[in-house]
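To start, the structure under review is shown below, and the notes come after it.
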Amino acid sequence: MTQPSLGADFFDQLYRADPDPWRFATSAYEAAKYAATLAALPRPRYSSALEIGGSIGVLTQHLAARCDSLLSVDLSSVAQAQAIQRCQHLPQVRFEIMNVPHDYPSETFDLVLLSEVGYYWCWADLHQAQERIYNSLRPGGHLLLVHWVHEAPSYPLRGDDVHAAFHDFAATQLHHRHDGRTENYRLDLYERP
């Protein structure tokens, strides 16, 4: 039986128990991964970016320096409250509560970042997310995926599942521009022609 996507209750409980359960703000591993994420972006600036799953806003804060406008969405209001506080000095950043792929912004973007989110979705939601992300990407726009690659039994998918699914989806619709893999995470950059 396929495990359903993890919902807001799962994440709200996690963030209520520990404001930074994955140590996004303090981990050397996370800091190095964020640096690699930003280094993979081929443009110095993006006019309009979407970050799916902004969590407590640590990566959001770094990404904002490269964006004229950044919309960060998350399904946890508990996590996003921290992100809003962390990024309050960044006028180009907006926040919305959204359960992607069921909710999705109506605007288009020249960058969509999906970092450490895809393995929380079931297969049906992952496929719906692929379509919605693709349709929101402007021509020449970039999609950057970053996911942890180890097994997590409580997650519906694995990071490698997510990246393999996007590789298959992209074969006829996107150009693969960059791939990077460490022992702990995988990074792929795509461009819409």
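The values are calculated or read from the model by the stated rules, or taken from the named source; none is laboratory data. Bear in mind that the values here come from a model prediction, so they are computed numbers and not experimental data. Positions of Cβ are backbone-derived with ideal geometry, glycine not excepted, and every protein chain shown enters the neighbour counts.
Out of all the residues in the stretch 42-59, is one or more surrounded by fewer than 21 Cβ atoms within 10 Å (Cβ to Cβ), assigned to a helix (DSSP H, G or I) and either at pLDDT 95 or above or under 12 Å from the mean Cα position of the chain (by Cα) (or both)? Checking the stretch 42-59: not a single residue is surrounded by fewer than 21 Cβ atoms within 10 Å (Cβ to Cβ), assigned to a helix (DSSP H, G or I) and either at pLDDT 95 or above or under 12 Å from the mean Cα position of the chain (by Cα) (or both).
Scanning the stretch 152-192 for residues that are out of contact with any helix residue (DSSP H, G or I) (no Cβ under 8 Å at 6 or more places or on another chain), assigned to a helix (DSSP H, G or I) and among the small types (Gly, Ala, Ser) returns Ala164, Ala170. Taken over the stretch 140-182, the criterion of being more than 25 Å from Leu6 (Cα to Cα) and charged (D, E, K, R) is satisfied by Arg177, Asp179, Arg181. Among the residues of the stretch 123-172, those that are basic (Lys, Arg) and out of contact with any Ser or Thr (no Cβ under 6 Å at 6 or more places or on another chain) comprise Arg132, Arg158. Within the stretch 1-24, restricting attention to residues that are in contact with a Pro (Cβ under 8 Å, 6 or more places away or on another chain) and of a type outside the set (Phe, Trp, Tyr), which residue is surrounded by the fewest Cβ atoms within 10 Å (Cβ to Cβ)? Ranking the candidates gives Thr2 first. Residue check: Leu90 meets all listed conditions (1) more than 15 Å from Ile52 (Cβ to Cβ); (2) touching a residue at least 40 places away in the same chain (Cβ under 8 Å); (3) out of contact with any Cys (no Cβ under 7 Å at 6 or more places or on another chain); (4) part of a loop (DSSP other than H, G, I, E, B) but one, namely (2).
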